[in-house]
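Readers should treat all values here as calculations from the given coordinates under stated rules, not as data from a laboratory. Quick caveat, the model's predicted, so the values are computed rather than measured. Note: ideal-geometry Cβ built from the backbone for every residue, glycine included; neighbour counts use all protein chains shown.
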Amino acid sequence: MAIKNSKLTKFTSLLKELFQLNQPELDFGIYRIMHARKDDINRFIEQDLPKVVNTAFSDFESQDKVVVQQELVKAKKAAEDAGFDASQSPKVRELEAQYSQSVDTDREEGEVYDALLTFFSRYYDEGDFISRRVYKEGTYAIPYSGEEVTLHWANKDQYYIKSSESLRDFCFRLKSEQPENPMRVHFRVVDAEAGAQNNNKEADDAKRVFILDQENPWEIKDNELNIYFYYRASNLDDWTDDALEKATAAAKKKPPTLDHLKQIAEQHLLSLNGGVPDEWRELLEVKYKKTDGELADYSVLMSQLNLYTKKNTFDYFIHKNLGEFLTR
């Protein structure tokens with residue numbers, strides 16, 4: 001049971017990560033649809049899916065190894081209590097033969113979840129939906145019809161979608177109900193390293209992240225608040241003294257991560273020392289209201305930072321034949 005539950009937990013965790021159900025700040029595109037159907041998806045993952053697997057194995061309940069073993073122990077005890085040699089008992093022999101051919105349903109169910117985990121892991125990696133036909137462990141097969149030369153690439157038959165416009169200028173309103181004075185806030189990239197808007201997947205140790213421009217973090221222009229970021233790989237100099245005090249010893253030895261940098265930006269912009277005018281700062285530090293109406297434990301500013309960074313660091317692929325992709 002422990003093995004099955006462990007693999008079920010891993011698989012359900014992957015599905016929830018894939019659908020991004022635990023990140024309500026992703027309020028755009030397919031994620032908005034996923035959040036609208038969140039209850040239905042969670043019910044399927046947590047309740048319906050285990051029931052489907054259990055039903056599929058219901059025919060094997062009478063052959064379950066654990067059940068047969070319990071019956072075998074009882075039969076041996078009954079024979080011994082009656083003064084017979086248990087090894088000569090027809091009932092014991094029958095159960096022993098059945099035990100040798102029985103099925104460990106707990107282990108088999110675990111194998112089902114393990115296979116599902118392996119399958120879906122092939123098509124998802126850090127927000128990317130990819131197609132990798134696995135030939136064997138560590139080796140991927142490619143479509144081949146006998147040509148002398150064939151050209152293939154990892155994301156063949158997929159379309160890459162990334163908006164450079166939202167990278168350069170991301171805008172939201174603090175007072176959407178007041179069109180005459182919506183108090184617009186812009187996140188703007190003032191400098192991006194070469195390749196910041198191309199379609200190349202970056203190495204983990206060279207990933208570009210959003211870093212608040214500490215020298216010129218914000219300005220009010222045309223009654224709109226502009227907040228400025230660099231988009232580049234981080235380095236040790238990007239740590240602030242306040243952030244270093246809160247970081248773990250291991251984290252201090254490395255450049256700050258995107259999560260660290262978002263916290264640094266929030267702390268600077270919402271602090272009195274940051275200089276953002278009170279009317280803007282007070283609205284930015286209000287707790288964010290989720291799509292279900294509940295208040296989050298993070299600010300409006302952090303919710304928009306999450307949305308901005310996720311929207312521009314996740315890679316979105318649409319397979320040209322989605323039906324085939326989902327059913328194979």
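Take the residue pairs Lys221/Lys311; Lys252/Lys311; Lys221/Lys253; Lys253/Lys310; Lys175/Lys207; Lys51/Lys287 and return only those whose Cα atoms are more than 32 Å apart.
On the way: Lys221/Lys311 25 Å; Lys252/Lys311 27 Å; Lys221/Lys253 38 Å; Lys253/Lys310 25 Å; Lys175/Lys207 34 Å; Lys51/Lys287 39 Å.
From the list (Lys221/Lys311; Lys252/Lys311; Lys221/Lys253; Lys253/Lys310; Lys175/Lys207; Lys51/Lys287), the Cα-Cα distance tops 32 Å for Lys221/Lys253; Lys175/Lys207; Lys51/Lys287.
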Per the rule of 0.36 nm per residue minus the C-alpha distance, extending Asp213 to Phe84 adds in nm 37.8 nm
Most exposed first, judged by fewest Cβ atoms within 10 angstrom, Met302, Met34 run Met34, Met302
Report the label-to-label distance for Glu147 and Asp40 in nanometres (one decimal), using points 7 Å from each Cα along the Cα→Cβ vector.
-> 4.0 nm
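How long is the gain from Leu244 to Ala296 if the chain were fully straight, where each residue apart is worth 0.36 nm and the alpha carbon distance is subtracted? Mind showing how you got there, number by number?
On the way: separation 52, 0.36 × 52 = 18.72 nm, distance 2.56 nm.
Here the segment from Leu244 to Ala296 would lengthen by 16.2 nm.
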Please turn the phi angles of segment 253-264 into ³J(HN,Hα) values with the Karplus equation 6.51 cos²θ - 1.76 cosθ + 1.60 (θ = phi - 60°), one per residue in order, whole Hz, x for glycine and proline.
-> 7, 10, x, x, 7, 4, 4, 4, 5, 5, 5, 4
Across segment 12-18, in residue order, what do the Karplus-derived ³J(HN,Hα) couplings come to in whole Hz, using 6.51 cos²θ - 1.76 cosθ + 1.60 with θ = phi - 60° and x for Gly and Pro?
-> 5, 5, 5, 4, 5, 5, 4
Expected sort for 230-243, 252-265, 277-290 on mean C-beta neighbours within 10 Å, highest first, is 252-265, 230-243, 277-290
Amide H within-cut-off set for Gln20, under 5 Å, with H built and near neighbours excluded | none
